[in-house]
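The values are calculated or read from the model by the stated rules, or taken from the named source; none is laboratory data. The shown structure was predicted, so the numbers you read here are calculated from the model rather than taken from an experiment. With ideal geometry, Cβ positions are generated from the backbone for all residues, glycine too; neighbour counts draw on all protein chains shown. These accessible areas exclude ligands, DNA and RNA; they are computed on the full protein's heavy atoms, side chains included. Shrake-Rupley method; radii C 1.70, N 1.55, O 1.52, S 1.80 Å.
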Amino acid sequence: MIVYHGTTLEIKNPKIIKNELGRDFGFAFYTTDIKEQAERWALRRAKIASRTLKPSVLPIVNVYEWKQSGTLKEKIFNEASLDWLEMIVNCRSNPYYKHEFDVVKGKIANDNVGETVSYVVQGIMRKEDAVERLKFEKINNQIAFCSDNALYELTFIKSYTVEV
């Protein structure tokens, strides 16, 4: 399976960096199987980096082959569900929370979804109501590689610069 990672760097050897709190599925190396989604993410990252660094920051998409061995412990969320929402709430609200999965595949809590998740975290909205609300959102997907064993299944193919 081909997966993509949008950023501002070529990343031949992905790593799990444990400094970005608030990630949907915890600390992981995040990818998607949607090329356009990775390109949008790279453009966004480059725009943000250009504000603080220098205007020459380029949007880069890294392309990997994921050789699924079948030996990893995976969690797959095919849609917004109570189980999916609970994992996101746990991962976003508790920096010490660690699930047992090597790979988590599921929907991305984008800005609209993120707002709903924050209502749940703050106790403003019940989880069940949030899931019902989220069923109407068009939510992209993500594949989070959460362990070193999972990263070993990724092979770097190439990187390319996204045309602005």
The stretch 42-164: relative contact order as a whole-number percent, Cα under 8 Å and 6+ apart
38
Using the Cα centre of the chain as the reference point, and only Cβ charges (+1 on K/R, -1 on D/E), how large is the resulting charge dipole? Debye, rounded to the nearest 20.
520
Using alpha carbons only, how many degrees (0 to 90, rounded to 10) separate the axis of helix 82-93 from the longest principal axis of the chain?
70
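Multiply the residue gap between Asn78 and Val121 by 0.36 nm, knock off their C-alpha separation, and tell me the result in nm, one decimal place.
Taking 0.36 nm per residue and subtracting the Cα distance, the gain is 13.3 nm.
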Picking from Phe145, Ser50, Ile60, whose Cα lies most toward the positive end of the charge dipole for the chain (charges on Cβ: Lys, Arg +1; Asp, Glu -1)?
Ser50
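Exposed loop GluC sites (Glu not before Pro) only (DSSP loop, at most 15 other Cβ atoms within 10 Å): please give the longest stretch of the chain free of them, not including the sites.
Values: sites that count: Glu10, Glu20, Glu79, Glu100, Glu137, Glu163.
Counting only loop sites that pass the neighbour cut-off, the longest clear stretch is 21-78.
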Filter the cross-link list Lys12/Lys73; Lys47/Lys67; Lys35/Lys127 down to pairs whose alpha-carbon distance in this structure exceeds 28 Å.
Lys47/Lys67; Lys35/Lys127
Computed, not fitted: 222 nm per-residue ellipticity of the chain from DSSP H runs ≥ 4 (each -39500 (n - 2.57)), nearest 500, equal to -9500 deg cm²/dmol
At 0.36 nm per residue, minus the direct Cα-Cα distance, what do Lys135 and Gln68 gain on full extension? Give it in nm, one decimal, please.
21.2 nm
What aspartates and glutamates sit close enough to Lys105 to cross-link, taking a C-alpha to C-alpha distance under 18 Å and skipping anything fewer than 8 places away on the same chain?
Asp24, Asp33, Glu36, Glu65, Glu74, Glu79, Asp83, Glu86, Glu137, Asp148, Glu153
Would the stretch 6-134 count as rounded, prolate or oblate if I go by the C-alpha gyration tensor, calling it rounded below 1.5 in a/c and otherwise prolate when a/b exceeds b/c, oblate otherwise?
oblate
Hey, any idea what % of the chain's accessible area is carbon plus sulfur with a 1.4 Å probe?
50
So what is the accessible area of the stretch 52-121 per residue, in Å², with the probe set to 1.4 Å?
53
